[in-house]
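Everything on this sheet refers to the single structure shown next.
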Amino acid sequence: MDKHTKIVISTDEIGVDGLQVEGLLDSACLDIGNDPRFSTEKDIEYTLLLQMLDGGLLISGTAFIALNCVCDNCLVTVEKKIHLEEIYQLIEAPIPREVDLTELIREDIVMGFPFKISCDDSDNCENYLALVETEDKKPVPEKNPWTELDNLKL
């Protein structure tokens, strides 16, 4: 597969049956920046079908990326896979001679980022549960709420 920093398609290349494009898109286009919760060294895999319609250009396809995410509970880095099965975009007429699909894929991938990150898919972080269980086993001294009142000199 070819690796790209941008996906720019000339509409002249789109035939009657459409045009299928696939490849790897540099993950730097995600512009994650300084967000410490997300990182990736892997590229975005995409497969897109471009079809000319009466009213515009229909883009459909799939995309996939593996992200390194920090668990919200225990702060351990875990790999989460984002697989977009249904990318759809309609560019209405007038259609430009060149169409940049980079932003389309970037937006869909970023919208697929998990809101809550856990070590496993069931939102039950094993590391956090082990920590909580150890904390629960520590003896907690019982406090008498009246002790402080008894110490008052009135």
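Every read-out reported here was derived from the displayed coordinates using simple, explicitly stated rules and does not represent laboratory data. Values in this document were obtained by computation on a predicted structure and should not be read as measured data. A quick note on method: Cβ atoms are made from the backbone with ideal geometry, for glycine too, and the neighbour counts reach across all protein chains shown.
For region 65-74, does any single residue satisfy the condition of being out of contact with any His (no Cβ under 9 Å at 6 or more places or on another chain), farther than 24 Å from residue 125 by Cα, free of Cβ contacts under 8 Å to residues at least 40 places away in the same chain and not aliphatic (A, V, I, L, M)?
no
Determine whether region 36-51 contains at least one residue that is charged (D, E, K, R) and over 19 Å from the mean Cα position of the chain (by Cα).
no
Going through region 96-112 one residue at a time, which ones are buried (at least 17 other Cβ atoms within 10 Å of the Cβ) and under 18 Å from residue 39 (Cβ atoms)?
Hits for region 96-112 are 106, 109.
So which residues in region 89-118 are out of contact with any Ser or Thr (no Cβ under 7 Å at 6 or more places or on another chain) and of a type in the set (Asp, Glu)?
92, 100, 103, 107, 108
Considering every residue within region 111-124, establish whether at least one is over 15 Å from the mean Cα position of the chain (by Cα) and either closer than 23 Å to residue 3 by Cβ or part of a helix (DSSP H, G or I) (or both).
No, because not a single residue in region 111-124 is over 15 Å from the mean Cα position of the chain (by Cα) and either closer than 23 Å to residue 3 by Cβ or part of a helix (DSSP H, G or I) (or both).
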